[in-house]
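Notes for the one structure printed next.
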Amino acid sequence: MVPHLVTALNGPLLDLEKKILGATPAIERWFRMEWQEHTPPFYCSVDLRNAGFKLAPVDTNLFPGGFNNLSPEMLPLAVQAAMAAIEKYCPDAKNLLLIPENHTRNSFYLQNVARLMQIFRQTGLNVRLGTLEDIKKPKQIDLPDGTSITLEPLERSKNGRRLGLKNFDPCTVLLNNDLSIGIPSVLENLDEQNVLPPLHAGWAVRRKSNHFAAYDDVVKKFSKLVDVDPWMLNPLFAKCGELNLQEDAGSDCLADNVSSLLSKIRKKYKEYGIKEQPFVIVKANAGTYGMGIMTVKDASEVKDFNRKQRSKMVVGKEGLEVSELIIQEGVHSFERINEAVAEPVVYMIDRYVVGGFYRVHADRDVNENLNAPGAHFVPLAFQQQHALPDLQAKPGTAAPNRFYMYGVVARLALLAASLEMEKTDPNPEVY
């Protein structure tokens, strides 16, 4: 299923599709060479926006929580990729410890945990769930489909260098918890095990501005390869640190950045004859789960934040205070499913695209964040299509070509995440 684009699909994006399809062998070789130099994140999901004149990632999640939204046809692909990923870290792996988010009763998220367990069991691993919550005995949670999962208390080994459960010693600890509230001591100094993703991938340390700076570098290289304007694939951004919105400290920095970014976007719109109104997205520079995100079309809007807007912006996930913001070029989403705005989300394990879905929101506009209550998900028919584009089709007409292009841009964000992790590693390997 491919949603129709509201914009007539012509001009810049068709040209981009043509160039990407024409350069497929060069692109795949380029990725292959890059993965020899850099290690991909263990898993990752990327939110894309397709404006018809621009296709860009707007968020890259290193603790993806929507594997339950992938269609069953995609599971064999996910299992294969998971096998490749595990072999890298622990070829003779037998046990995997999965640590999900804390205190969540969100049944969709818990189904994601169950789906992850299913994928990793198929790779030949015993998978059990440990929790960072303070529990003394195993806790069973029933799921809507009649199955259940069991959370168990974590235990450190006698020598203090390993983490496991009672009578369960895993080779690898896989986090599906984004560590927003900090790195718990129980996860530190596990010298004898792989902890994936690494602890500095958590939002206690990670910053979106670092990711998009790395993405900027990746896209400049890629754009030379396929001969396109990097802006077609890249959202411009700026950041504001040391904010205290409650006390109005830093709102000048915010207004100046918004104003400067909007004028850069207007210039590009003029260059390409784009008639849409430019906008920016203001959000926390660390993980937000769709919280505290604002669409801004003029710098005056941030100067005149009212108390309610300030309160909304300053508190992130788990009630944490937000002190740094990223201002990102807004990318319209002109894809629709049954008249509702849709955006593609691409899922990857290791360096492989394993599937994706459309996030659809009937009550949101083309310039608003769709990751909000009321969204629903439509699986992408990715399984055979993303890897086998139809080179005979006219640009803009074939689903495999659209999905191939999504897979390419998502992998650019994956590569950027890999560079970002290297640059922010507190204990880099020195060769």
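Given charges of +1 on the Cβ of Lys and Arg and -1 on the Cβ of Asp and Glu, with all other atoms neutral, how large is the dipole of the range 340-383 about its Cα centre, in debye to the nearest 20?
160
Straight Cα distances below 13 angstrom link LYS423 to the aspartates and glutamates ASP217, with same-chain residues fewer than 8 positions distant left out.
Only one residue of PRO100, PRO144, GLY164 has its Cα farthest out toward the positive end of the dipole of the range 94-177, where Lys and Arg carry +1 and Asp and Glu -1 on Cβ, and that residue is GLY164.
With 32 Å as the limit, the listed pairs LYS221/LYS270; LYS88/LYS268; LYS19/LYS267; LYS88/LYS283; LYS139/LYS283 have LYS88/LYS268; LYS88/LYS283; LYS139/LYS283 beyond it between alpha carbons. Shape index of the range 65-177: Rg/Rh, with Rg the Cα radius of gyration and Rh the Kirkwood radius from the inverse mean 1/r over Cα pairs, equals 0.96. Proximity of backbone amide H atoms, modeled 1.01 Å from N, is registered between ILE349 and VAL354 at under 5 Å, excluding neighbours fewer than 5 places apart on the same chain. Its convex hull of Cα atoms gives the range 135-194 a direction-averaged projected area, equal to a quarter of the hull surface, of 5.4 nm².
Taking 0.36 nm per residue of separation and subtracting the current Cα-Cα distance, fully stretching the chain between ARG32 and GLN140 would add 34.6 nm.
For the range 1-153, the alpha-carbon radius of gyration amounts to 1.31 times the rule-of-thumb value 2.2 N^0.38 Å expected for a compact globular protein. Multiplying the residue separation of ASP363 and SER107 by 0.36 nm and removing their Cα-Cα distance gives an extension gain of 89.9 nm. DSSP finds beta bridges in the range 85-164, and of those with both partners inside it, around 45 percent are antiparallel. Taking only the Cα atoms of the range 162-275, the radius of gyration and Dmax are 20.9, 65 Å. Full extension of the chain between ASP191 and SER71 gives 39.5 nm of extra length, using 0.36 nm per residue less the Cα-Cα distance.
Only the coordinates and a few stated rules stand behind these numbers; no lab work does. Computed from a prediction, not measured in an experiment: that's the story for all the values here. As a convention, Cβ positions derive from the backbone with ideal geometry for all residues, glycine included, and neighbour counts pool all protein chains shown.
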